[in-house]
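The values are calculated or read from the model by the stated rules, or taken from the named source; none is laboratory data. Just so we're clear, the structure is a prediction, and the values are computed from it rather than from any experiment. No Cβ is skipped: glycine too gets one built from the backbone with ideal geometry, and neighbour counts run over all protein chains shown.
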Amino acid sequence: MVALARDLLGATLASGFGGERVSGIIVETEAYLGVHDPASHAWNGRRHKLNLGIYAEAGRWYVYRSYGIHWCLNLTTGPAGEGAAVLVRAVRPVDGIDIMRLRRGVGVADHNLANGPGKLTQAFGITGEHDGMIANEDALLSIEPKTEPRGTIVATPRIGITRAADWPARFLLRHTPDCS
């Protein structure tokens, strides 16, 4: 989980939802370590209809609604049943910036289009109907290889949570204005 959270930095997240390609370089991630992580939706093996996606085998998208307001995108990382995933927190927009502006609202600065988990899913057209999709299966939501050096990775405590927030499981690229 932690290795994947670090490795995703610098890769490209691409979406083809709505027939429009949007993409961005992943600049911030956060690891959730499964049933033994108090901040994970899988903490203590807890299961309900809204978190079943986190228990999928590695390589599936786990999409959930945070605080009943915005969608969050995670990539599952472990064997089925482990409940581990990496939250994709922010990207630096590359392709489809005009589409992202339409989805996020006119007047949103480019560096604010996808610099947080809810902003990212809105800009990319990601909703709960995408929960459980296999990453890279049909290019509707995929991770593409790194095309540029990713720079220095910084590990920090997680943010926006109350349990295990102090764990250094948030990763970002240093000097990246697109991180939340």
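Select, from Ile134, Ile126, Ile99, the only residue that is within 13 Å of the chain's Cα centre (by Cα) and among the aliphatic types (A, V, I, L, M).
Numbers: Ile134 fails: within 13 Å of the chain's Cα centre (by Cα); Ile99 fails: within 13 Å of the chain's Cα centre (by Cα).
After applying the criteria, what remains is Ile126.
Would you mind finding the one in Ser40, Ser66 that is surrounded by fewer than 17 Cβ atoms within 10 Å (Cβ to Cβ) and among the polar types (S, T, N, Q)?
Ser66
For the stretch 1-14, which positions are in contact with a helix residue (DSSP H, G or I) (Cβ under 8 Å, 6 or more places away or on another chain) and at pLDDT 95 or above? Give the derivation first.
Here is the first cut: in the stretch 1-14, the residues in contact with a helix residue (DSSP H, G or I) (Cβ under 8 Å, 6 or more places away or on another chain) are 1, 13.
Once the filter is applied, which keeps residues that are in contact with a helix residue (DSSP H, G or I) (Cβ under 8 Å, 6 or more places away or on another chain) and at pLDDT 95 or above, the stretch 1-14 yields only Leu13.
I'm trying to understand the selection: among the residues of the stretch 40-54, which are aliphatic (A, V, I, L, M) and at pLDDT 75 or above?
Hits for the stretch 40-54 are Leu52, Ile54.
Please specify each residue of the stretch 84-114 satisfying the condition of being in contact with a strand residue (DSSP E or B) (Cβ under 9 Å, 6 or more places away or on another chain), on the phi < 0 side of the Ramachandran plot and either in a loop (DSSP other than H, G, I, E, B) or of a type outside the set (A, V, I, L, M, F, W, C) (or both).
Matches in the stretch 84-114: Arg89, Arg92, Pro93, Asp95, Arg103, Asp110, His111, Leu113, Ala114.
Listed residues Gly81, Gly10, Gly18; which is surrounded by fewer than 23 Cβ atoms within 10 Å (Cβ to Cβ), part of a loop (DSSP other than H, G, I, E, B) and in contact (Cβ under 8 Å) with a residue 60 or more places away in the chain?
Unique residue meeting the criteria: Gly10.
For residues in the stretch 137-180 being at pLDDT 75 or above and of a type in the set (S, T, N, Q), which is surrounded by the fewest Cβ atoms within 10 Å (Cβ to Cβ)?
Thr162
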